[in-house]
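Below is one structure, written out as structure tokens; the observations come after it.
The values are calculated or read from the model by the stated rules, or taken from the named source; none is laboratory data. Quick caveat: nothing in here was measured; it's all calculated off a predicted structure. Cβ sites come from the backbone with ideal geometry, for glycine too, and all protein chains shown count toward neighbours. Quick note on the areas: whole protein, heavy atoms, side chains included, nothing else; ligands and nucleic acids left out. Shrake-Rupley method; radii C 1.70, N 1.55, O 1.52, S 1.80 Å.
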Amino acid sequence: MIELKNIHQAYDQKPVLQDLNLSIPSNQLTCLLGSSGSGKSTILRVISGLEIPQTGQVLIDGRVVTDSEKIIVPASERNIGFIFQDLALWPHFTVYENIAFGLQEQKKSHVKESVMEMLDFFSLRKYHNKYPHQLSGGQKQLVAIARSLVLNPKFLLMDEPLSDLDVKLKRKMLDYIHILKKKFDMTIVYVTHDHKEAFDIADQVVVLHQGNIEAAGTVSEIKNSSNEYVRYFVTF
Ligand code: ADP
Ligand code: MG
């Protein structure tokens, strides 16, 4: 379980997250849903340890990992996979090298077997020698996901991972994510501004507005929420 307690994050005195409290249950898919600028990416960065909030605590499985301006457990030791909005693939690495890099850094054995397993799972084997610029948007997305999963993270943070895809590919990717969650038994935090996407995959939906949580609950609870902003946000 990931817990954020009384998180306050400001940039240049401008508050972005104000006294934010959030619980992310294990082995579930939690969607952070909100319009652009509502603080979704900031929350992911705070969870991962890439951002240090001015006040508040982050706990992972009961252990304090960030405590008001202090990083207790660094990002690299949090067992978190992060799929950035721009994917951040290494352009000068092939598909194989992109997926293998993290394992090599960690001096893991069986690098080749692990990478091959990912390539097969995502039907990417025939692209193993291609560079990111030679791939379609969907293939790049798969490589970014494979690159995170190969490290076997306990938590996977996905920042609008499907926003650039056409409807058909998005459908396929949403089905993949359903399978991933089951197969890898992971806790996923999935950021989107698209309520239909959130309703499609979430166990828990957290609706954000200007850095505040307007509502949190199951899909049907959010669909039936009496919160005025939530009703407005999910109607179009
Ligand atoms: P979202 O992901 O929901 O679009 P963000 O978390 O990226 O929102 O940003 C929330 C607010 O914080 C926005 O107003 C944004 O301009 C501001 N912000 C985010 N990162 C920075 C930064 N590094 N410096 C200054 N302002 C930032
Ligand atoms: Mg964002």
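So the values come out like this:
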item	result
Verdict on P132 being modelled with pLDDT of 90 or more and not polar (S, T, N, Q)	yes
Any hit, segment 160-169, residues being more than 16 Å from ligand 2 (Cβ to nearest atom) and among the polar types (S, T, N, Q)	no
All positions within segment 128-144 that are part of a helix (DSSP H, G or I) and open to solvent by 50 Å² or more (accessible area, probe 1.4 Å)	H133, Q134, K140
So F236, is it aromatic (F, W, Y) and touching a residue at least 24 places away in the same chain (Cβ under 8 Å)	no
Hits in segment 7-41 - residues which are within 16 Å of ligand 2 (Cβ to nearest atom), out of contact with any Leu (no Cβ under 8 Å at 6 or more places or on another chain) and in a loop (DSSP other than H, G, I, E, B)	S35, S36, G37
Among the candidates F101, F121, F84, residue that is within 22 Å of I179 (Cα to Cα) and touching a residue at least 40 places away in the same chain (Cβ under 8 Å)	F84
Positions within segment 6-55 being without any contact (Cβ under 8 Å) to a residue 60 or more places away in the chain, of a type outside the set (S, T, N, Q) and over 17 Å from V207 (Cα atoms), in sequence order	H8, A10, Y11, D12, K14, R45, V46, G49, L50, E51, I52, P53
Segments classed as strands (runs of 3 or more DSSP E), wholly inside segment 42-127, with at least 2 members that are modelled with pLDDT under 95 and crowded, with 17+ Cβ neighbours inside 10 Å	80-83
Residue tally, condition among the small types (G, A, S), exposed (fewer than 14 other Cβ atoms within 10 Å of the Cβ) and more than 15 Å from ligand 1 (Cβ to nearest atom), over segment 1-41	1
Index of the failed condition, E160 passing every other in (1) in contact with a Leu (Cβ under 9 Å, 6 or more places away or on another chain); (2) within 16 Å of ligand 1 (Cβ to nearest atom)	(1)
